[in-house]
Amino acid sequence: MNPRGLLSPSRPARTESVIRIPLLGMSVRIRTPPSAGGTPAIVELLYATGGGMPLWRRAEGEIVQIVTGRYLFEVDGERFLARRGDVVCVPGGAVRACVNVTGTGARQQVVVHPCLDATAFFSELAHVFAHNGDVLPDDMAADALKAFGERWQIQFLGTPLAPDARGPQGTPVAAAILDPF
């Protein structure tokens, strides 16, 4: 990041930190610093195969550009496949989840508006999931996760989507990902 924060280069600097959340198969690169001026938060998310966020809801909306790979998304109960070059618009307040259904790592660039302190959000999320063992809690109501949700005004509503989940017409998603870009 340059001194005034006007440019976020496509290649991370050697000194730039990456936030890792192994339990979710996620690595996070913060592309824009926190801003009191209302600038949206922009984060780059790299998910391992089968990695993804649990089903959750928050007030902020998101614009998700798929940089590489394919993802199964669920937004307010509607499931769909998004692939490289697609843009997914998630309205504020919508229930959402996604999972990487590519056979390798896949990247998203996410614009969150209104802005939140993405560094603090993902750092705290990494801390919460690091203390929940090797699996997500079945009830998603562990004290630390609940406290995190209250602090950031989000609700965790379920576990991450399964990569072999069914699409809207009951077609296995695995069949859909065989389509070429």
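The values are calculated or read from the model by the stated rules, or taken from the named source; none is laboratory data. None of the values given here were measured: they were computed from a predicted structure. Counting neighbours? That spans all protein chains shown, and the Cβs are built from the backbone with ideal geometry, glycine included.
Remarks
- Test: residue in the range 132-153 that is part of a strand (DSSP E or B) and at pLDDT below 90: no
- Looking only at the range 154-179, and only at residues there that are β-branched (Val, Ile, Thr) and assigned to a strand (DSSP E or B), the one that is modelled with the highest pLDDT: Ile154
- Residue check for Leu45: in contact with a helix residue (DSSP H, G or I) (Cβ under 6 Å, 6 or more places away or on another chain) and either under 19 Å from Pro160 (Cα atoms) or surrounded by fewer than 19 Cβ atoms within 10 Å (Cβ to Cβ) (or both): no
- Sole residue being at pLDDT below 90 and on the phi < 0 side of the Ramachandran plot, chosen from Ala106, Ala120, Ala41: Ala41
- Yes/no for Gly103 being of a type outside the set (Val, Ile, Thr), surrounded by fewer than 20 Cβ atoms within 10 Å (Cβ to Cβ) and more than 21 Å from Leu145 (Cα to Cα): yes
- If the condition is being surrounded by fewer than 18 Cβ atoms within 10 Å (Cβ to Cβ) and not acidic (Asp, Glu), then the range 83-93 contributes Arg84, Gly85, Val87, Cys89, Pro91, Gly92, Gly93.
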